[in-house]
Structures are given as structure tokens and as C-alpha cells.
Amino acid sequence: MQTNLADWARDTDLGKEADEILRRCVHCGFCLATCPTYQILGDELDSPRGRIYQIKEVLEGVQPTYVTQQHLDRCLTCRNCDTTCPSGVKYGELIDIGRELVSERVPRSPGQRALRYTLRKVLLGPWFAPLYRMGRFVRPALPGILKSKMPESRPAGKLPTNPKRHARQVLMLTSCVQPAMMPSIDAATARVLDAVGIGTRYAAGSGCCGAINFHLDAQDAACDQMRANIDAWLPLIESGEVEAIVVNASGCGGMMKDYAHHLRHDAQYAEKAAKVVAHIQDVGEFLAPLAAQLKAKVKRAPGRAAFHPPCTLQHWQGLRTVNERLLTELGFDLQVFADSHLCCGSAGTYSITQPALSKALRDRKLTAIHEALPATIVSSNIGCITHLQSGTSTPVRHWIEVLDEVMADD
Ligand code: SF4
Ligand code: SF4
């Protein structure tokens, strides 16, 4: 694609990076076939190629409008187009640049600003866990949208005693919403790792990975969270006290693996971020080499299941087959279903900011999954799990919870 960047963009780091990405696009349109928003809306402006074109126009000096912002907002950042593109266009990086430029030029309405601010404050504040517990208590009286965000809680169960007794130690993320929403996932992860001789610990001073702020127009705040996490984790990595940071929410893992990219212009943190990123592993990725050891501890068959690979696992981290192979080795009877490469519509806070599109995608996903008649739907991201559960009575769980259960004594 030929470009002619405006003077204000031409000599900036952001402009140069965007230009390099834009020039790779050859307009072929292969990406349209795998874009969920294009499939639903059928509008080229809601496709990767259309969004790339709109971002190019902004960089060439065209003033974006509220309509441009809407087309960019509707993107799920699923990165399915990155996986599909034969020319290696890094759309995921370009959309971040495009959104930043457009949000600087198109002020959001007071209602939109208030929604984004409230989401950030509620989800990241210390009162999220108590509010969520209270919400569960009054769940039957809540409006549908809030009720659907609160699946039945599963008890966390007993945590391993003295995980420090193991020679091998890993860090887990003190994630912002998962422990409050589904404490059983972290507990199951700790038990499964303990069973194969690995202790889990949390680093003081670490917190949310930054994804919520980043995707709600607060990139600076997100980068501050990244720096705080790096400061908390790096000393434990460098001292050899932990061998990896094991992440059981692929949305967080995808974001964390991008730390070095987000902090690439930060002279103080770029190198530190790269060191941390080299130690981040999805729980499936980490456990894959231990499959035989785990399998020996499985006491019952995990049963007939459909594995929904989150976009942050398959398109961001490229780990779909790693996880599917591991689950199959562990005895999961995985069922194939149509369009498993497509987003379920969860996409972080997308289900709140774009409820109609999000629900349409969820329903399409569940229709495809139900045709495979699974007893359980398993996935690896709390957002997808909650979102899918809001539309089905088939249990939706993290696969590590199911594995933990079939490894336990009766
Ligand atoms: S598939 Fe790649 S090269 Fe083709 S239009 Fe889409 S982004 Fe451009
Ligand atoms: S990231 Fe997903 S929703 Fe956005 S343009 Fe690419 S395929 Fe479409």
C-alpha cells in the first residue's frame, strides 16, 4: 500500500512504525473472511482492510470523525486477521496506534467517557471483590446484563500446604478480576502444579497486567502497571527464585507477552521488559512438557468436551495446538466444531461497550459448539468462560479446573 504521511507523523517513531505496517498491505482482502465484525456487519469499514485504510487516512492528515472511531471501536482486537494475512501485516499493532491517534482527535461523548472511567475504576479498584460478592448475593434481583456477568461460583477448595517446599517455583499473576469471579481457577492451577512438584507464589507489588486500562483509552496508566509488575517480578527471576511466570488467563498472558513491545521506547524499562517476557508462559504451554507426569496422576476420564481456544491464546500467543495436544494427551475427548478460529465476542470489556455485537458472536459460537454435543465446554480465559456461560446451561470451565478434579481422589 502506497502511503504519503502528513508532516506531523512522518518523523515520529509512531509514524514510522505505522508506515512500515501499512506498506506491507497488498489489499488482497484475505483477512475479510476471518474477521468476525465483517462477517456480522458486512461493511468493509468494519473489516481489517477497511480499518487499515481509515488509519492510513488519519496518518495522511484526514481528520477522523465519530464514525471512524466507531469502526475502530467495533474491532475486537482478536488478531484473527494477523493470523490470516499472507503479507505479515501486524494489524494488532496498527489498531493500537490508530485508536490512540483517533482518541486524541475525536473527543468521546460524556456518556462514553463516564462508562470507560467507571469500568476502569470498578474493575481495578480494591472494592471490586467485595462488590462482586455482594452482587452474587443479590443476583436474582439484578438486571440481565449484570446477572450474566456473574456465573455460579465454584468453591476454591484447599490450597497446597507449604508450596515453598518444592525446589521448582513459579510466579502466578495477582490478576484483577479472576480471583473474585472464579477463585477455583487459581486454586486448581496451584494444586495441579503442586502435584507435579512445582510451588506457586505471588510477588508483592504486582497487580493487574494492564489490559483493562490499555483497552479503555488509558494507555499511560496501563504502562505504569506494566512497569510496577516488572519491578515486582524481575528481582525474583534474576535471583533464580522462580523459573517462570505461569498465567492461566490467556487475555492477561497475551498482554504480558506484549510488554516489551509496549515499553520499547522506554529507555529504563525496554530491556527489563524483554527479560520478563522471556519468562511468561501460558499454563498449557508450561505444563505441556509435563504431560506424561500429569497423565499418570489422572484418576478418571475428563469426558467429552469442546475446547474454545480464546483469541488471545490462538491468535495472540499462537498456542492453540499446544493446548489441544496437551488436553488430548491428558484424556479429554475433544470434539471438533465449526469456526473455532472465530472470536466468541467476549474480548475484555467489549461485551459491555459493544453488547449487541458481542451477544451475536456469542450466540453463533454457542450454536456451533452445541452441534458437537459436549458435556463440558472448556477454555483458558476467564472473560470467554463467563461470556459463554451467560448463554448456555452446558457448564463452561477452565480446563485446569477439570484436570484438577479428575486428578483428585474421589
Ligand atoms: S490479508 Fe493482509 S495484505 Fe491482504 S488486505 Fe488483509 S491486511 Fe492487507
Ligand atoms: S482484530 Fe479481529 S475484529 Fe479486528 S479487524 Fe482483525 S479480525 Fe476483525
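Derivation of every value follows stated rules applied to the coordinates shown; laboratory data play no part. For clarity, every value in this text was computed on a predicted model and none was experimentally measured. Backbone-built Cβ (ideal geometry, glycine too); neighbour counts: all protein chains shown.
Remarks
- Distances between placed amide hydrogens fall under 5 Å for residue 307 paired with 335, 378, all partners being 5 or more residues away or on another chain.
- Exceedance of the 31 Å cut-off in Cα-Cα distance is limited, within the set 275/365; 16/272; 90/164; 56/257, to 275/365; 90/164.
- Dipole in debye (nearest 20) - the stretch 7-105, about Cα centre, beta carbon charges: Lys, Arg +1; Asp, Glu -1: 300
- Charged-residue dipole, Cβ positions (Lys, Arg, Asp, Glu), the stretch 365-410 about Cα centre, Debye nearest 20: 360
- Based on C-alpha pairs under 8 angstrom that are at least 6 apart in sequence, the chain has a relative contact order of 14 percent.
- Degrees between helix 110-124 axis and first principal axis of the chain (Cα, 0 to 90, nearest 10): 30
- The amide H of residue 244, built 1.01 Å from its N in the peptide plane, has 171 as neighbours under 5 Å, considering only residues 5 or more places off or on other chains.
- Computed from the C-beta positions of residue 131 and residue 201 and an R0 of 30 Å, the FRET efficiency is 0.65 to the nearest 0.05.
- Set of lysines near residue 149 by C-alpha distance (under 16 Å), chain-local residues within fewer than 8 positions excluded: 359
- Each of 40, 66, 84 was scored by the projection of its Cα onto the charge dipole of the stretch 21-104, and the greatest displacement toward the positive side belongs to 84; charges sit on the C-beta of Lys, Arg, Asp and Glu.
- For the stretch 36-43, 3J(HN,Hα) computed residue by residue from phi via the Karplus equation (6.51, -1.76, 1.60; θ = phi - 60°) reads x, 6, 5, 4, 7, 9, x, 10 Hz, glycine and proline entered as x.
- For the stretch 233-243, putting each phi into the Karplus relation 6.51 cos²θ - 1.76 cosθ + 1.60 with θ = phi - 60° gives couplings of 8, 4, x, 6, 6, 5, 7, x, 5, 10, 9 Hz, in residue order, rounded to whole numbers and with x for Gly and Pro.
- Simple point charges give the picture: +1 on the Cβ of Lys and Arg, -1 on the Cβ of Asp and Glu, and for the chain a dipole about the Cα centre of about 1160 debye.
- Residues whose amide H lies under 5 Å from that of residue 182, counting only those 5 or more places away or on a different chain, are absent; hydrogens are built 1.01 Å from N in the peptide plane.
- Positive-end residue of 223, 382, 138, charge dipole of the chain with Cβ unit charges: 138
- Across the stretch 298-303, computed HN-Hα scalar couplings (Karplus, 6.51 cos²θ - 1.76 cosθ + 1.60, θ = phi - 60°) run 6, 9, 9, 5, x, x Hz from first to last residue, x flagging Gly and Pro.
- Ordering 400, 263, 248 by Cα displacement along the dipole of the chain toward the positive end leaves 400 in first place; charges were set at the Cβ atoms of Lys, Arg (+1) and Asp, Glu (-1).
- By the count of neighbouring beta-carbon atoms within 10 Å, fewest first, 90, 299 end up ordered 299, 90.
- Highest average packing first - 217-229, 58-70, 185-197, 254-266, Cβ atoms within 10 Å: 185-197, 254-266, 217-229, 58-70
- Unmatched cysteines, the chain - criterion: no other Cβ of a Cys under 4.7 angstrom: 25, 28, 35, 75, 85, 223, 344, 384
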